[in-house]
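K.L.:
First, the structure itself, so that you have it in front of you.
Bear in mind that the values in this text are calculations on the coordinates, not laboratory data. Every value quoted in this text rests on a predicted model; they were computed, and no experiment measured them. We place every Cβ from the backbone using ideal geometry, glycine too, and count neighbours over all the protein chains shown.
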Amino acid sequence: MRSFIFGTDWGADCDDCVAMRVACRAMKKGEINILGIGINCVKEHAYASLKAFLKLEGVDIPVGIDTRSHETDGWTWTENYQPRLAKLCPELSNKDAESAVRVYRRAIAEASGKVEIMEIGFLQVLGDLLRSEGDDISPKTGMELVREKVERIWLMAGRWDIDGGREFNIAWTPLTREASSYIFDNCPVPMVFLGWEIGDTVITGGNLDHEDYLWKAMNDHGYGEGRSSWDPMLVLLACIGDPENAGYTTVRGKASLEVDTGKNHFTPDPQGPHAYVVKNHPDSYYADMINSLIK
């Protein structure tokens, strides 16, 4: 069974909730094992709401958080679906959570085999992982741990249909721009990108029963009729593990990011360490797959 670490900007949008259900369902079916989750967008009820969601899904996964704020550049975070979920775990608060980097380091160090990472949010935790020093968990640096035990990283990140695209997860704040640029230039393992252009027009979640807590979360966020599927498409791609089998063609090369502007670029190279995916089918093909998995 393939093992994963899962990063999410839980609360920034409700497609994270859809993605989390896709991942939890795959875990319950025995298709994957999720060793740990890192929240890289932290609001007041982040930890309690995600632990409640996982409890409702019937899985128990360690959760860590990155407490640095992303309330910059005119963006004001609202909690939307988190307070409703957090009421199910009123005893929990963010102070009960371990740091996301420690959760990642422990998951990698203690894994019996190779690990993969799927990331649907901001990248500063991955950057901090790579730059982490040895500690009580492992004497190895983060770079050493990743090089030795991480097989690949799956990222919902970037916009690859145009040169110089800007995408929220890697371009919005100075913190995530710096981390993204560092990762693109220094990560020692292959990375597969699913860009903004892939999920924007694939709408999922509108088929859910209105008593379903996932639908309630989406409706609390303002998308009861369905939401763009950036994050669930990345998670489904990672769970399948083969872009061709998931319905994509890949373009291989080297990704880079302008730290000042957040613009991403891609240099094609058949031997490059990075790849982004291109859809082979109509939007309905991917929407039907996700809707069937979350219902």
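K.L.:
Using the alpha carbon gyration tensor of the range 108-184, what are the three equivalent-ellipsoid semi-axes (square root of 5 times each eigenvalue), largest first, in whole Å?
P.N.:
Value: 26, 14, 9 Å, ordered largest first.
K.L.:
Another one. Could you check what % of the DSSP bridge pairs in the chain are antiparallel, to the nearest 5?
P.N.:
Roughly 35 percent of the DSSP beta bridges within the chain come out antiparallel.
K.L.:
Separation between the ASP60 and GLU44 pseudo-spin-labels, each 7 Å from Cα along Cα→Cβ, expressed in nm?
P.N.:
So the label points at ASP60 and GLU44 sit 3.0 nm apart.
K.L.:
Which three extents, in whole angstrom, do the alpha-carbon atoms of the range 1-113 cover along their principal axes, largest first?
P.N.:
On the principal axes, the range 1-113 reaches 42, 27, 26 Å in Cα extent.
K.L.:
Here is a follow-up. Under the Karplus relation 6.51 cos²θ - 1.76 cosθ + 1.60, θ = phi - 60°, what is the ordered set of whole-Hz ³J(HN,Hα) values for the range 86-103, x standing for Gly and Pro?
P.N.:
Working through the residues one at a time gives 4, 4, 7, 9, x, 7, 9, 9, 4, 5, 7, 8, 6, 5, 4, 5, 5, 4 Hz.
K.L.:
Which residue fluctuates the most in the chain, going by a Gaussian network model with Cα springs under 10 Å, if the choices are GLY121, GLY113, GLY199?
P.N.:
Comparing GLY121, GLY113, GLY199 in the GNM, the peak value goes to GLY113.
K.L.:
Moving on to the next point. Report D for the range 161-286 in µm² per second (integer): Stokes-Einstein, Kirkwood Rh on Cα pairs, 20 °C, 1.002 mPa s.
P.N.:
134 µm²/s
K.L.:
For a quick check: with amide H placed at 1.01 Å from N, whose amide H comes under 5 Å from LYS140's, ignoring anything fewer than 5 positions away on the same chain?
P.N.:
ASP135
K.L.:
Considering only the other residues whose Cβ falls under 9 Å of the Cβ of PRO268, what net charge follows from Lys and Arg at +1 and Asp and Glu at -1?
P.N.:
Cβ neighbours under 9 Å give a net charge of +1.
K.L.:
Among the lysines, which have Cα under 21 Å from the Cα of LYS51 when same-chain residues fewer than 8 positions away are ignored?
P.N.:
Candidates past the 8-residue exclusion: LYS28, LYS29, LYS43, LYS87, LYS95, LYS216, LYS295.
K.L.:
Hey, what do the phi angles of the range 240-257 turn into as Karplus ³J(HN,Hα) couplings, whole Hz, using 6.51/-1.76/1.60 and θ = phi - 60°, x for Gly and Pro?
P.N.:
Rounded to whole hertz, the list is 5, x, 9, x, 4, 5, 8, x, 10, 9, 10, 10, 9, x, 9, 8, 8, 9.
K.L.:
Ok, one more. Using the Karplus equation 6.51 cos²θ - 1.76 cosθ + 1.60 (θ = phi - 60°), what ³J(HN,Hα) coupling, rounded to whole Hz, does each residue of the range 3-12 give in order, writing x for Gly and Pro?
P.N.:
Here the 3J(HN,Hα) series is 10, 10, 10, 10, x, 8, 8, 3, x, 5 Hz.
K.L.:
Would you mind finding the longest exposed-site-free stretch of the chain, with exposed GluC sites (Glu not before Pro) meaning DSSP loop and at most 15 other Cβ atoms within 10 Å?
P.N.:
That gives 134-210 as the longest site-free run.
K.L.:
Does the range 167-224 classify as rounded, prolate or oblate by the C-alpha gyration tensor (a ≥ b ≥ c root eigenvalues; a/c under 1.5 gives rounded; else a/b over b/c gives prolate, otherwise oblate)?
P.N.:
Since a/c reaches 1.5 and a/b is larger than b/c, the shape of the range 167-224 is classed as prolate.
K.L.:
Under 8 Å for C-alpha pairs, at least 6 residues apart: give me the relative contact order for the chain, rounded to a whole percent.
P.N.:
Result for the chain is 20 percent.
K.L.:
Which residue, PRO273, PRO90, PRO188, tops the fluctuation ranking in a GNM of the chain built on C-alpha contacts under 10 Å?
P.N.:
Highest fluctuation among the options: PRO90.
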